[in-house]
Amino acid sequence: MRVITWNVARRSSRLAEQAAALAGREPDVVALQEVTDATLPLWRAVLERIGLPHVRASLDSADPCRAPASRRRTGVLLGSSAALRDPSATLPVPWVETAVASLVDAGIGPVEIHCLHVPNAANGWVKASTLQAVRAGLQLAPTMARVVCGDLNTPRRELESGEVVSFARDSRGRLRRERGPEWDEAELGVVPGLRDLGYQDAYRSLHGYGSREPSWTWQRISGHGGGWRLDHLFSSAELRPAACIYHHAWRDAGLSDHSALEADIVRME
């Protein structure tokens with residue numbers, strides 16, 4: 001089962017090119033973040049055209065009046081070649097538009113897929129609360145084949161040793177007073193902490209920590225910049241990733257400010 005997760009950055013002007021890039025990889029399931037009220041009907045149409053006619057979107061059930069109201073409100077969606085059914089578990093995130101889940105059988109038996117977009121730190125403590133809800137929800141979820149993917153907005157740094165540093169810390173590794181240990185634990189409880197619940201990081205399990213692989217990058221006027229690996233896919237113990245790559249060329253071509261992450265998932269024998 002080929003899954004592609006991608007933050008499409010609300011870019012309606014590049015939506016046709018984004019869809020063409022996805023179609024070229026022939027995914028069974030796509031998990032998209034930063035879909036808007038305006039782009040959702042367009043995504044439904046183009047996904048059907050490229051063989052992914054089954055769609056579930058968080059904006060269909062989100063409250064448009066939830067506080068804080070924002071003209072930049074975005075949601076997430078799942079598009080699939082096979083029918084999408086109700087999941088066995090949903091994650092109790094504070095903002096319902098940031099998560100969607102479905103059960104799908106795309107050739108390897110039933111797999112529950114969760115697509116997430118964790119709010120970034122500019123939104124305050126809802127980021128930590130969302131990550132806490134993700135871990136807590138997965139702890140309580142019934143055991144089954146499951147994929148958890150999306151823009152998780154963490155971590156700040158991954159060292160070659162495998163040590164992970166959260167955004168609760170500053171650039172020197174010092175814990176920020178306004179965030180503290182609770183925020184630190186919330187981030188680390190998901191990346192890399194989902195491994196404690198039996199999930200494996202698809203990219204790191206195959207490629208190790210030798211390469212930083214930033215999926216979101218920025219650049220200063222001076223030419224110096226940086227980036228972080230914010231986009232992830234985790235699979236439960238019933239599954240394993242057979243292949244996993246980032247499509248950095250899509251980001252570099254301006255289709256989004258994020259790289260898409262593609263994983264081929266197989267069932268454990």
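The values are calculated or read from the model by the stated rules, or taken from the named source; none is laboratory data. The shown structure was predicted, so the numbers you read here are calculated from the model rather than taken from an experiment. For neighbour counting, all protein chains shown are included, and Cβ atoms are generated from backbone atoms with ideal geometry for every residue, glycine included. Each accessible area value is taken on the protein alone, full model and side chains, heavy atoms only, with ligands, DNA and RNA left out. Shrake-Rupley method; radii C 1.70, N 1.55, O 1.52, S 1.80 Å.
Taking the condition open to solvent by 20 Å² or more (accessible area, probe 1.4 Å) and either of a type in the set (S, T, N, Q) or at pLDDT 95 or above (or both), does P155 pass? If you could, list the steps in order and put the result at the bottom.
Details: open to solvent by 20 Å² or more (accessible area, probe 1.4 Å): no; either of a type in the set (S, T, N, Q) or at pLDDT 95 or above (or both): yes.
So P155 does not fit the description; no.
Residues that are modelled with pLDDT under 95, of a type in the set (G, A, S) and open to solvent by 30 Å² or more (accessible area, probe 1.4 Å) within region 53-92 comprise S61, A67, A69, S70, listed in sequence order.
Conditions tested, residue by residue: (1) within 19 Å of the chain's Cα centre (by Cα); (2) part of a helix (DSSP H, G or I); (3) modelled with pLDDT under 95.
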site	(1), (2), (3)
Y203	yes, yes, no
T217	yes, no, yes
I221	no, no, yes
G226	no, no, yes
A243	yes, no, no
R251	yes, yes, no
E262	yes, no, no
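Out of the residues in region 241-269 that are over 16 Å from D28 (Cβ atoms) and charged (D, E, K, R), state the one that is surrounded by the fewest Cβ atoms within 10 Å (Cβ to Cβ). The selected residue is E269.
Filtering region 115-132 to residues that are more than 15 Å from the chain's Cα centre (by Cα) and either assigned to a strand (DSSP E or B) or at negative phi (or both) leaves A121, A122, N123, W125, V126, A128, S129, Q132.
Condition check ((1) under 28 Å from G208 (Cβ atoms); (2) β-branched (V, I, T); (3) assigned to a strand (DSSP E or B)) across all residues:
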site	(1), (2), (3)
L78	no, no, yes
V93	no, yes, no
V100	no, yes, yes
I113	yes, yes, yes
V148	yes, yes, yes
S161	yes, no, no
G173	yes, no, no
R177	no, no, no
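Restricted to region 179-201, and to residues there that are out of contact with any helix residue (DSSP H, G or I) (no Cβ under 6 Å at 6 or more places or on another chain) and part of a loop (DSSP other than H, G, I, E, B), the residue that is nearest to F234 (Cα to Cα) is Y199.
For G162, the requirement of being open to solvent by less than 20 Å² (accessible area, probe 1.4 Å) and either touching a residue at least 40 places away in the same chain (Cβ under 8 Å) or touching a strand residue (DSSP E or B) at 6+ places or on another chain (Cβ under 7 Å) (or both) is met. If the condition is being open to solvent by 10 Å² or more (accessible area, probe 1.4 Å) and over 18 Å from the mean Cα position of the chain (by Cα), then region 183-196 contributes D184, E185, D196. Among residues that are without any contact (Cβ under 8 Å) to a residue 60 or more places away in the chain, surrounded by 15 or more Cβ atoms within 10 Å (Cβ to Cβ), out of contact with any strand residue (DSSP E or B) (no Cβ under 7 Å at 6 or more places or on another chain) and at negative phi, V100 is not included. Among residues of region 228-250 that are closer than 17 Å to A21 by Cβ, those with a beta-carbon under 7 Å from a residue that is among the charged types (D, E, K, R) and not in a strand (DSSP E or B) at least six positions away or on a different chain give the pairs Y246/E213.
Considering region 103-130, and only residues there that are among the hydrophobic types (A, V, I, L, M, F, W, C) and surrounded by fewer than 24 Cβ atoms within 10 Å (Cβ to Cβ), the residue that is nearest to A242 (Cα to Cα) turns out to be I108.
With the structure loaded, tell me whether L255 is under 22 Å from E187 (Cβ atoms), hydrophobic (A, V, I, L, M, F, W, C) and touching a residue at least 24 places away in the same chain (Cβ under 8 Å) or whether it fails that test. Give the steps one after another, and end with the answer.
Values: under 22 Å from E187 (Cβ atoms): no; hydrophobic (A, V, I, L, M, F, W, C): yes; touching a residue at least 24 places away in the same chain (Cβ under 8 Å): yes.
Here the answer is no, as L255 does not meet what is asked.
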